1. Taking the residues in the stretch 146-159 that are out of contact with any Asp or Glu (no Cβ under 6 Å at 6 or more places or on another chain) and touching a residue at least 60 places away in the same chain (Cβ under 8 Å) as candidates, determine which candidate is surrounded by the most Cβ atoms within 10 Å (Cβ to Cβ).
2. Can you tell me which residues in the stretch 71-109 are over 21 Å from T198 (Cα atoms) and touching a Pro at 6+ places or on another chain (Cβ under 8 Å)?
3. Scan the stretch 90-121 for residues that are in contact (Cβ under 8 Å) with a residue 40 or more places away in the chain, over 22 Å from A154 (Cα atoms) and of a type in the set (S, T, N, Q) and report the count.
4. What pairs can you find where one residue is in the stretch 62-78 and over 12 Å from A112 (Cα atoms), the other is surrounded by 18 or more Cβ atoms within 10 Å (Cβ to Cβ) and among the polar types (S, T, N, Q), and their Cβ atoms are less than 6 Å apart, with a gap of 6+ or different chains?
5. Output the residue which, of all residues in the stretch 122-145 that are in a strand (DSSP E or B) and either free of Cβ contacts under 8 Å to residues at least 24 places away in the same chain or not small (G, A, S) (or both), is surrounded by the fewest Cβ atoms within 10 Å (Cβ to Cβ).
6. Does A45 satisfy being surrounded by fewer than 18 Cβ atoms within 10 Å (Cβ to Cβ), more than 14 Å from the chain's Cα centre (by Cα), under 19 Å from Y146 (Cβ atoms) and small (G, A, S)?
7. Looking at the structure I just gave you, is T129 of a type in the set (S, T, Y), touching a Ser or Thr at 6+ places or on another chain (Cβ under 9 Å) and modelled with pLDDT of 95 or more?
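The values are calculated or read from the model by the stated rules, or taken from the named source; none is laboratory data. Keep in mind that what you see is a predicted model, and the values were worked out from it rather than measured. Because the Cβ atoms are built from the backbone with ideal geometry, glycine has one as well, and the counts that use them run over all protein chains shown.
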Amino acid sequence: MISWAVMGHPSRSREATALAWALGGRLWLDEDQVGENANGDRCWAAYDPAAAWHVVMQDDALPVADIARQAPAALAAAPAPVVSFYLGTNYPPATVQPARRAMAAANDTGSAWITAPRLYWGVAVAIRTDLIGDMLAAVRRISRPYDERISRWAETAGHSVAYTWPSLVDHADGPSTIPRLIQRLAPRRAYRVGRPTTWTTDPVPM
């Protein structure tokens, strides 16, 4: 069983509401302006204790049409307790070459999984529910962006991150709701979106 939550910015309330409705998940709009991290924490804390996994999607996530069928199959075969449904282009720049090598290897072997020691994107993340309490306790002490906090917890706790290949979620690459010092000019999209032939494959390291 999977529980779902959507974290949304008020400026994208329409997209966030539609996504939460499609997933049958809870919606947390940051209408009280607590910020991305605190709103993300609320989404993770809203997991169903009866579920084995909890998925948090951001309001700019674009899941495949049959995500409700693909996600349970993927998570049942996941080679890591933290899963990203998104493997993205261009950012962070340091991921580009390792990701390309891993994707080529996954294509050669027919693997549905690429693993890494870090979480690089927060667009659509699944975590085993038995680890969420530990994760929340850890990230509240970390003053970093949303995805980096989860990544630092996972790396410190020794939890690898598995990326679905192809991605089950694309990214709607519109204007960011987070102020940044450096403007991003290159596209932020998934390398490839789709479904593998099977989820029960050996992973390829990134």
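1. The extreme case among them is I150.
2. Answer for the stretch 71-109, where residues must be over 21 Å from T198 (Cα atoms) and touching a Pro at 6+ places or on another chain (Cβ under 8 Å): T89, N90.
3. Going through the stretch 90-121 one residue at a time, the tally reaches 3.
4. Cβ pairs passing all conditions: none.
5. We begin by selecting, within the stretch 122-145, every residue in a strand (DSSP E or B); these are 124-128.
Checking the rest, the ones that are also either free of Cβ contacts under 8 Å to residues at least 24 places away in the same chain or not small (G, A, S) (or both) come to 125, 127-128.
On the way: V125: 27, I127: 25, R128: 19.
Result: R128.
6. yes
7. So T129 fits the description; yes.
Residue by residue, here is whether (1) modelled with pLDDT under 95; (2) in contact with a Leu (Cβ under 8 Å, 6 or more places away or on another chain); (3) of a type in the set (G, A, S) holds:
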{"residue": "I2", "(1), (2), (3)": "no, yes, no"}
{"residue": "A5", "(1), (2), (3)": "no, yes, yes"}
{"residue": "S11", "(1), (2), (3)": "yes, no, yes"}
{"residue": "T17", "(1), (2), (3)": "no, yes, no"}
{"residue": "W28", "(1), (2), (3)": "no, no, no"}
{"residue": "V34", "(1), (2), (3)": "yes, no, no"}
{"residue": "N37", "(1), (2), (3)": "no, no, no"}
{"residue": "W44", "(1), (2), (3)": "no, yes, no"}
{"residue": "H54", "(1), (2), (3)": "no, no, no"}
